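Here the structure is laid out as structure tokens; the discussion comes afterwards.
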Amino acid sequence: MASGDDSPIFEDDESPPYSLEKMTDLVAVWDVALSDGVHKIEFEHGTTSGKRVVYVDGKEEIRKEWMFKLVGKETFCVGAAKTKATINIDAVSGFAYEYTLEINGKSLKKYMENRSKTTNTWILQLDNEDFRVVLEKDTMDVWCNGKKMETAGEFVDDGTETHFSIGNHDCYIKAVSSGKRKEGIIHTLIVDNREILVTSR
């Protein structure tokens, strides 16, 4: 008869070492900075059940149970502008999988590199509140904390100004030619006649 030390299972033990319900199949998390904010994308992949669950900002977007094919892709939309996102599931070896995220058909890295050329982002604090202002250079749309702003553009001697307001603060983004082809146009955010420095996210 085996001694208690050798016994792998204690049938009368009321607390099992782990609970199946508490186990998670979360395999990947990405933060994606879009004009309307930074969105968190989470992906659960059950490699035994084939389950696939996609969460955007904590909200379930896709749930598929019992998928027989463990590789493939899931496509969904992110953010106010309904930006297309795709999670690719590829087998690396045996039971190992690689998960990559594409935004608008580009790898996340390429998309973010391209985005840094097409947008400017400023993070500022007004009246003890944080604001994230994003300028889309191609459309001159301005977003603040996830909302597209009402703007008014005007030509000035050295370029253009795009005016909008945050609360009772007067803001404008000034666009001036750098005079250098490589640098192109320089955009500056002015809030209450004070220049705000650009940040990356």
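The values are calculated or read from the model by the stated rules, or taken from the named source; none is laboratory data. Every value quoted in this text rests on a predicted model; they were computed, and no experiment measured them. Reconstructed Cβ throughout: ideal geometry from the backbone, glycine too, with neighbour counts over all protein chains shown. These accessible areas exclude ligands, DNA and RNA; they are computed on the full protein's heavy atoms, side chains included. Shrake-Rupley method; radii C 1.70, N 1.55, O 1.52, S 1.80 Å.
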Checklist entry - Hey, does segment 103-111 have a residue that's small (G, A, S), at pLDDT 90 or above and over 30 Å from L26 (Cβ atoms)? => result no
Checklist outcome for this item: Exception for L70 within (1) in a strand (DSSP E or B); (2) over 19 Å from the mean Cα position of the chain (by Cα) falls at (1)
Checklist entry - Has segment 36-49 got any residue that is of a type in the set (D, E, K, R) and more than 12 Å from the chain's Cα centre (by Cα)? => result yes
Checklist entry - How many of the residues in segment 59-83 are touching a residue at least 40 places away in the same chain (Cβ under 8 Å) and open to solvent by 80 Å² or more (accessible area, probe 1.4 Å)? => result 0
Item to check | Counted residues, segment 84-133 - those being touching a residue at least 24 places away in the same chain (Cβ under 8 Å), surrounded by 11 or more Cβ atoms within 10 Å (Cβ to Cβ) and of a type in the set (D, E, K, R) | outcome: 2
Checklist outcome for this item: How many residues of segment 43-67 are assigned to a loop (DSSP other than H, G, I, E, B) and more than 11 Å from I89 (Cβ to Cβ)? The answer is 8
Next on the checklist: Step by step: first the residues of segment 151-201, then only those that are buried (at least 16 other Cβ atoms within 10 Å of the Cβ) and aromatic (F, W, Y), then the one that is nearest to T121 (Cα to Cα). Which residue is that?
Outcome noted: Y172
